[in-house]
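**Student:** Attaching a single structure in structure tokens format; questions to follow.
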Amino acid sequence: MRWAWAIVAGVSIVACARTDGAPLDPATLGIHACASDLDCGPGRHCADDGTCAIDCLKSADCSIGMDPNAPNDRECSACGRCVAKGTRDTRCLSAVDQPCATTSDCTAVLGSQYVCGGEGLCVRQCTDDTACHDIGRGWGCLANICVRKCFHDAECWYHGWSYSCDLPPDVQKANEDAPKPTTFAACKKGGSPYKPSASSDPPSAKYQGTWGWLVTSAVRVDNVPIITRLNSVNIQLMLVKTTWSGADLAMTIKWCTGQVKNFAENDGPYFDLFKVVIPDLNIDSVVPVTITANAVPALAAGAAFDTSTMLDLRGAKLANPLTDPLPTYKDLTNQWDEDRDGHPGMTANVTGGLTGELYQAQRTAGVFHVGVVDAGHMHGLFSAQAAAAVLGATDMMLINDSVTSAHPDASRSYFQAIRLDDDASCNDVIRVANIDGSWLAFQPHFDPAHAVTP
């Protein structure tokens, strides 16, 4: 199985004597030539025919076409290639976690900046965090080598639920309470966060595991400078750990990305006079939350249940987080510099007709109406209330008394969930979402008949 950029699925190509029209440009099919996996970008590999491909999104995909009664002895590698379980995809040339015996094993593949580290993995030498940024989100410089850098556990969860910060709990607490963390360490990978399965487990146990979620929350913003009213949707990707206790579920949510997209009511072309861009620092600073679902039905097509309320409060600390008013630029009481950049609230960037940094407090509180599609897919509407307040900006034109409320079209706020491997990371969620037609690809409205595609 390979996705659209590698082959044109379901199309037979035959030789014909007649050749009317212009020759087909292979680039229009999304086919990219390659010499190695590094040429293809994250999540893809260079196939034997010299084009970038992806054979799997998760290990379950590696059993497609096999005898359903036979054990699946293959798993999906970081380059989207099916390999034998317990082995490493040695052709997947990534700078992350490459095994080595000597430094020459690293320099030959990754470059002169890499040496063989004490744990038998290639590590990049560095003098500051900037030197590590091209490895990926969450990497920084510690003791002159690039590591998954952290000051508390939540930072490590970007890399997967089995990671934790190698700092004592009291040091982590001091870091979280400080305006700026002062003590850093490396994320260390531990054992699985999930219970071993048993035949006596209740139906709730089947939901256990790591899921990738797409969550959209559409809002209407009134009293906006120049344009008066703005419709926008917050498109969020999340890494979700689902565990069970008795008949109940707990779902811990780690935000991976956030994108704000403006839209026209009729879904037609929309000219963005200005748009809001959410920096990675903003998203990485969002505090993970846990929601629950009680007495869930068996994980089978057609099953349905509601979760508890998810409260996503950013840029403020309130005595009653659900009901207390947000701080404003007129009264910054209870604002929280959550992203620790020296400005009130959370910082977003505005581009277009107005340009600058925008400092905000935001609150979204909503319930997920879960519908099970099959054992690996869920979706449903997200009934939420939203509020936001401007706390400041670099351009005075961005400071206003706009009013944010949930968009009245309920179909614009929804979620899609796909089961991933237990050790999946935020990078895996982002990789899946960036594939055209994937279960996590954004669409303007919830489609209850949305079909699962390979």
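**Student:** If we sort 189-197, 132-140, 203-211 on the protection proxy, mean other Cβ atoms within 10 Å, highest first, what's the order?
**Tutor:** Ranked from most to least packed, the peptides come out as 203-211, 132-140, 189-197.
**Student:** Can you give the extra length, in nm with one decimal, that the chain gains between A304 and D128 once fully stretched, where that is 0.36 nm per residue apart less the Cα-Cα distance?
**Tutor:** Between A304 and D128, full extension yields 58.4 nm more.
**Student:** Of the options A35, A293, H369, report the single residue whose Cα projects farthest towards the positive end of the charge dipole of the chain (beta-carbon charges: Lys, Arg +1; Asp, Glu -1).
**Tutor:** So the residue furthest toward the plus end is A293.
**Student:** Along the Cα-to-C-beta direction of D272, a point sits 7 Å from the Cα; which residues of region 420-454 have their amide N less than 14 Å from that point?
**Tutor:** none
**Student:** Nearest 20 debye, what's the magnitude of the dipole of the chain about its Cα centre given +1 on Lys and Arg Cβ and -1 on Asp and Glu Cβ?
**Tutor:** For this selection, approximately 320 debye.
**Student:** For region 126-189, give the magnitude of the charge dipole about the Cα centre (Cβ charges: +1 Lys/Arg, -1 Asp/Glu; no others), in debye to the nearest 20.
**Tutor:** My answer is approximately 160 debye.
**Student:** Ok, one more. Which peptide among 421-429, 43-51 comes first, and what is the full order, when sorted by highest mean count of other Cβ atoms within 10 Å?
**Tutor:** Descending mean neighbour count gives 421-429, 43-51.
**Student:** If you don't mind, there's one more thing I want to ask. Run the reach check for K195 against lysines, Cα to Cα strictly under 23 Å, same-chain hits fewer than 8 apart removed. What comes back?
**Tutor:** K195 reaches K58, K85, K206, K241, K254.
**Student:** Please enumerate, by chain and number, the lysines with C-alpha under 18 Å from the C-alpha of K330, excluding those fewer than 8 residues away in the same chain.
**Tutor:** Here the lysines satisfying the reach criterion relative to K330 are K317.
**Student:** Test of understanding: extend the Cα→C-beta vector of T182 to 7 Å, then name every residue of region 125-155 with backbone N under 20 Å from that spot.
**Tutor:** Backbone N within reach: 142-143, 150-153.
**Student:** Over all directions, how big on average is the projection of the convex hull of the alpha-carbon atoms in the chain, in square nanometres?
**Tutor:** Details: hull surface 105.4 nm².
Mean orientational projected area (the chain, Cα hull): 26.3 nm².
**Student:** How far, in nm, would the chain grow between D222 and D280 when pulled straight, counting 0.36 nm per residue and subtracting the alpha carbon separation? Before the final figure, lay out the partial values.
**Tutor:** Values: separation 58, 0.36 × 58 = 20.88 nm, distance 2.66 nm.
Stretched out fully, the D222 to D280 stretch lengthens by 18.2 nm.
**Student:** Is region 126-189 rounded, prolate or oblate when judged by the Cα gyration tensor, a ≥ b ≥ c being the square roots of its eigenvalues, rounded requiring a/c under 1.5 and prolate requiring a/b larger than b/c?
**Tutor:** oblate
Quick note: the coordinates plus some simple rules give every number you see, no bench work behind them. Computed from a prediction, not measured in an experiment: that's the story for all the values here. All Cβ positions, glycine included, derive from the backbone under ideal geometry; neighbour counts span all protein chains shown.
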